[in-house]
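Asker: The structure under discussion is supplied below as structure tokens; questions concerning it will follow.
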Amino acid sequence: MSTFKRRDFIKSSVMAGVSASMLDTTPWEKHTASDTVKITPSASPKKVIVGGAGLAGLCTAYELVRRGHEVVVMEAAGRHGGHVFTVLDGLSDGLYGDFGMEHICKPGYDKYWGYIQEFGLTALPYPRRKNLVRRIDEKFYTEEMLRDAAVLKKFGFNEREVKYLSQNPWWDLESLYTKPYLDKFKDEYQPFGVGYDHFDTVPMADLYKKDGASETALRFLGGTSYSAQFELWRAGILHLRGVPLAPPEVFRLKGGNQMLPNAFAKRLGTRVWLNCPILSIKHGNTGVTVKYKQFNEEKEMQADYYVNCIPLPAFKNIPVSPPFPPEKQYVLDNVTYDSYQRFVFQASSKFWEEDNLTINMDLNLPDLEQVWQSAEEVDTHRVIVLGTGPGGVSPQRALAAFRSVYPGKRDTIEYVTSRDWTKETYASTCERLPFAIGTLRKFWPEVMKPHGRIHFAGAYADNLNWGTEAATRTGNRVAEAIDKA
């Protein structure tokens, strides 16, 4: 029997329209404190159901458990980790590839770095952005070439832009136009009231134009589909955190980025239920009732809180009663995400070195956007090259695209596989895309606010859309809020 005090669930069973005898309450009694989790008993322990065993769900559950609360994580898929997925199957010599999450940086990802230290994981420098070459107008350019004033003038940049790019990285061109605006942001969670509210109806491209950007700069900067207020706020958040727009110094976990979800899941133990889809959610003033399927049997469970860490495209398919208010439903219906396909190429050698080239390439091809090396620490002559492209492209087609533009003599790629996230049922999403022009007040701060006994955590529910960084930040924020409730 759990040492935690039982709460009165009879009232919420009436709310759910089921009798207490029909409810699956035994799981709460089965969970015991893990030896690997330092638990601080709570004066007011709660029972919490977490939907989704991606990084946000696992992090939220872990933080709740060590604060002394009872937690069950329900995951519809047959694995935990969500969009963080390291694969070894089909690869040789102990090599592996990260199908999902790519990297972290420092500064930034502060919570993530804390867990690396706490769990004894190893972060490796990841030189995927070092010596990067970019394919522009069907020609490859090195970093040195893109700092050459003559090259920049030939592209059509104006004198101010040429001077800036001669002294700063190519990826930092945006800072030339955003930096003068950023000091007004004092609170990274408050984009309003700093003098830029009127910019939400203005495309960022218009602000670039107003401030003198050339047609060439506009071509590379974009900014036609999101508001100037949104982009200035995003840049302001990074400025407050001391993080570059595209950090060149990045890291990954030794053995694959799934090492962190694995560490959370190990400590949570039997609290994580796989192949356990949520069918419906009922909520009221005193608690929540979740209907789910386990071992092909429909069951119900009551709890004090439900935390949604399921990506919104999948969550929208789960009936919630009573319905969310219009302002929350608008957010749930209209948040948009990026998605992609990750390719894993296995080669028998570092073929690019024979050609005095780098494998860190922005290819800008319709079928293959980027390639870079990974799993460098594995002791073998074979190598892993990762790539990103759109959904619906076969691995063989992606390989053909690479070979069509590779500037060296030949490659030694012997095997290719992929994960098409756009076709995934439960974890199709990557990072949240910018909110539509003129909608910032509709989304913020509603996207991260709880509704009654339902809380929200994940890559979509924070101010900055950096996936795993947002997952750990929101997981900690929700766990603290429920703990203090």
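Asker: Going by the structure shown, is GLY212 in the same structural domain as TRP171 (by TED's automatic domain parsing) and either under 23 Å from the mean Cα position of the chain (by Cα) or not small (Gly, Ala, Ser) (or both)?
Answerer: no
Asker: If the Cβ limit is 7 Å and pairs must be 6+ apart or interchain, which residue in region 410-433 that is over 14 Å from VAL344 (Cα atoms) pairs with which residue that is of a type in the set (Asp, Glu)?
Answerer: Close Cβ pairs (under 7 Å, with a partner that is of a type in the set (Asp, Glu)) amount to CYS430/ASP338; GLU431/ASP338; LEU433/ASP338.
Asker: Could you grab me the full set of residues in region 100-146 that are among the β-branched types (Val, Ile, Thr) and within 29 Å of ALA470 (Cβ to Cβ)?
Answerer: Hits for region 100-146 are ILE104, ILE116, THR122.
Asker: Here's another thing I want to ask about it. For the subset of region 378-392 comprising residues that are of a type in the set (Gly, Ala, Ser) and in a loop (DSSP other than H, G, I, E, B), which member is nearest to the chain's Cα centre (by Cα)?
Answerer: GLY391
Asker: Hey, can you tell me all the residues within region 199-225 that are in a helix (DSSP H, G or I), touching a residue at least 12 places away in the same chain (Cβ under 8 Å) and not polar (S, T, N, Q)?
Answerer: The answer is PHE199, ASP200, MET204, ALA205, ASP206, LEU207, TYR208, GLU215, ALA217, LEU218, PHE220, LEU221.
Asker: Going through region 393-409 one residue at a time, which ones are touching a residue at least 60 places away in the same chain (Cβ under 8 Å) and either in a loop (DSSP other than H, G, I, E, B) or of a type in the set (Phe, Trp, Tyr) (or both)?
Answerer: The one that is touching a residue at least 60 places away in the same chain (Cβ under 8 Å) and either in a loop (DSSP other than H, G, I, E, B) or of a type in the set (Phe, Trp, Tyr) (or both): PRO407.
Asker: Tell me, which strands (runs of 3 or more DSSP E) lie completely within region 246-364 with 1 or more residues that are more than 28 Å from TYR112 (Cβ to Cβ)?
Answerer: The strands (runs of 3 or more DSSP E) meeting that bar are 278-283, 288-294, 297-303, 341-347.
Asker: Under the condition of being out of contact with any Asp or Glu (no Cβ under 7 Å at 6 or more places or on another chain) and among the hydrophobic types (A, V, I, L, M, F, W, C), which residue from region 467-485 is nearest to ALA427 (Cα to Cα)?
Answerer: This residue is ALA471.
Asker: Looking at GLY156, GLY120, GLY114, GLY78, can you tell me which residue is within 30 Å of THR289 (Cα to Cα) and at pLDDT 95 or above?
Answerer: On inspection, the qualifying residue turns out to be GLY78.
Asker: Go through region 43-69 and give me each residue that's in contact with a strand residue (DSSP E or B) (Cβ under 6 Å, 6 or more places away or on another chain), in a helix (DSSP H, G or I) and under 24 Å from LYS282 (Cβ atoms).
Answerer: Of everything in region 43-69, those that are in contact with a strand residue (DSSP E or B) (Cβ under 6 Å, 6 or more places away or on another chain), in a helix (DSSP H, G or I) and under 24 Å from LYS282 (Cβ atoms) turn out to be GLY57, THR60, ALA61, LEU64.
Asker: Just to check your reading of the model, which residue among LYS316, LYS299, LYS282 is in contact (Cβ under 8 Å) with a residue 60 or more places away in the chain, among the basic types (Lys, Arg) and out of contact with any Ser or Thr (no Cβ under 8 Å at 6 or more places or on another chain)?
Answerer: LYS299
Asker: So, of the residues in region 410-433 that are part of a loop (DSSP other than H, G, I, E, B) and of a type in the set (A, V, I, L, M), which turns out to be surrounded by the fewest Cβ atoms within 10 Å (Cβ to Cβ)?
Answerer: LEU433
Asker: Any idea which of ALA436, ALA459, ALA471, ALA479 is farther than 27 Å from LEU95 by Cβ and in a helix (DSSP H, G or I)?
Answerer: Of ALA436, ALA459, ALA471, ALA479, the one residue that is farther than 27 Å from LEU95 by Cβ and in a helix (DSSP H, G or I) is ALA479.
Asker: Go through THR474, THR429 for me and flag whichever is modelled with pLDDT under 95, within 20 Å of VAL50 (Cα to Cα) and of a type in the set (S, T, N, Q).
Answerer: After ruling out the rest, the residue left standing is THR429.
Asker: Please determine, by comparing only the residues of region 36-72 that are modelled with pLDDT of 95 or more, over 19 Å from the mean Cα position of the chain (by Cα) and among the β-branched types (Val, Ile, Thr), which one is nearest to VAL320 (Cα to Cα).
Answerer: ILE49
Asker: Under 9 Å between Cβ atoms, at least 6 apart or on separate chains: pull out the pairs that start in region 130-154 with a residue that is in a strand (DSSP E or B) and end on any residue that is of a type in the set (Lys, Arg).
Answerer: Note: pairs meeting the criteria are PHE140/ARG134; TYR141/ARG134; TYR141/ARG135.
Asker: Return the pairs, sorted by first residue and then second, in which the second residue is in a loop (DSSP other than H, G, I, E, B) and at pLDDT 95 or above, the first residue lies in region 450-462 and is more than 15 Å from PRO311 (Cβ to Cβ), the beta carbons are less than 7 Å apart, and the residues are 6+ apart or on different chains.
Answerer: HIS451/PHE324; ARG453/GLY287; ARG453/ASP304
Asker: Any residue in region 347-356 that is closer than 30 Å to VAL405 by Cα, touching a residue at least 60 places away in the same chain (Cβ under 8 Å) and crowded, with 19+ Cβ neighbours inside 10 Å?
Answerer: The answer is yes, given that some residue of region 347-356 is closer than 30 Å to VAL405 by Cα, touching a residue at least 60 places away in the same chain (Cβ under 8 Å) and crowded, with 19+ Cβ neighbours inside 10 Å.
Asker: Moving on to the next point. Scanning region 106-122 for residues that are of a type in the set (Ser, Thr, Tyr) and either without any contact (Cβ under 8 Å) to a residue 60 or more places away in the chain or not in a helix (DSSP H, G or I) (or both), which turns out farthest from LEU253 (Cα to Cα)?
Answerer: Out of the qualifying residues, it is TYR109.
The values are calculated or read from the model by the stated rules, or taken from the named source; none is laboratory data. If you're wondering where the values come from, they're calculated on a predicted model, not measured in any experiment. Reconstructed Cβ throughout: ideal geometry from the backbone, glycine too, with neighbour counts over all protein chains shown.
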